[in-house]
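The values are calculated or read from the model by the stated rules, or taken from the named source; none is laboratory data. The structure presented is a predicted model; accordingly, all values stated were derived computationally and were not measured. Counting neighbours? That spans all protein chains shown, and the Cβs are built from the backbone with ideal geometry, glycine included.
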Amino acid sequence: MFLIVLDNAIKFSEPGQEVWLKSADHGGNGLAVTIIDHGVGIAPDQLPSIFDRFSKLSSASNKKGSGLGLAIAKEIADRHGVRISVTSEPNVETAFEFTFPKMKIDSADLNSIDE
């Protein structure tokens with residue numbers, strides 16, 4: 001799911017623009033990882049449907065896309081209890097935030113990793 005969003009961040013950014021990854025501990029609520037780009041962005045009217053299958057941005061830079069990438073990323077996230085949210089201001093910044101739920105790890109689980 002990260003690779004799909006990173007690929008999109010690079011694809012919709014101009015050469016030389018930076019793509020940022022940030023992580024933040026949400027205290028007792030888990031961990032967030034955010035992918036931020038400064039590319040073309042997503043128009044407000046397109047935001048509600050970006051995770052739908054075959055949803056594509058109507059831009060010249062997206063002629064080859066199938067419209068399945070973000071739908072697949074969302075499905076992966078959902079299956080692992082990860083929430084994806086997105087904010088975008090076209091031609092300024094787009095941020096995809098992945099929020100991982102807090103997990104309790106039992107010491108028995110850690111012992112089984114070493115085996």
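None of PHE51, PHE2 is under 15 Å from the mean Cα position of the chain (by Cα), more than 13 Å from THR99 (Cα to Cα) and surrounded by 13 or more Cβ atoms within 10 Å (Cβ to Cβ) except PHE51. Out of all the residues in segment 1-20, which are within 16 Å of VAL86 (Cβ to Cβ), assigned to a loop (DSSP other than H, G, I, E, B) and among the polar types (S, T, N, Q)? Scanning segment 1-20 gives a single hit, SER13.
Contact map, segment 80-104: first residue free of Cβ contacts under 8 Å to residues at least 40 places away in the same chain, second residue surrounded by 14 or more Cβ atoms within 10 Å (Cβ to Cβ) and of a type in the set (A, V, I, L, M, F, W, C), Cβ cut-off under 6 Å, separation 6 or more or different chains; pairs are THR87/ALA95.
Of all residues in segment 63-99, those that are hydrophobic (A, V, I, L, M, F, W, C) and over 10 Å from the mean Cα position of the chain (by Cα) total 6.
With respect to LEU70, determine if the residue is touching a residue at least 60 places away in the same chain (Cβ under 8 Å), surrounded by 12 or more Cβ atoms within 10 Å (Cβ to Cβ) and among the hydrophobic types (A, V, I, L, M, F, W, C). Considered against the rule, which asks whether it is touching a residue at least 60 places away in the same chain (Cβ under 8 Å), surrounded by 12 or more Cβ atoms within 10 Å (Cβ to Cβ) and among the hydrophobic types (A, V, I, L, M, F, W, C), LEU70 comes out as yes. Among the residues making up segment 24-60, a single one is polar (S, T, N, Q) and at pLDDT 95 or above: THR34.
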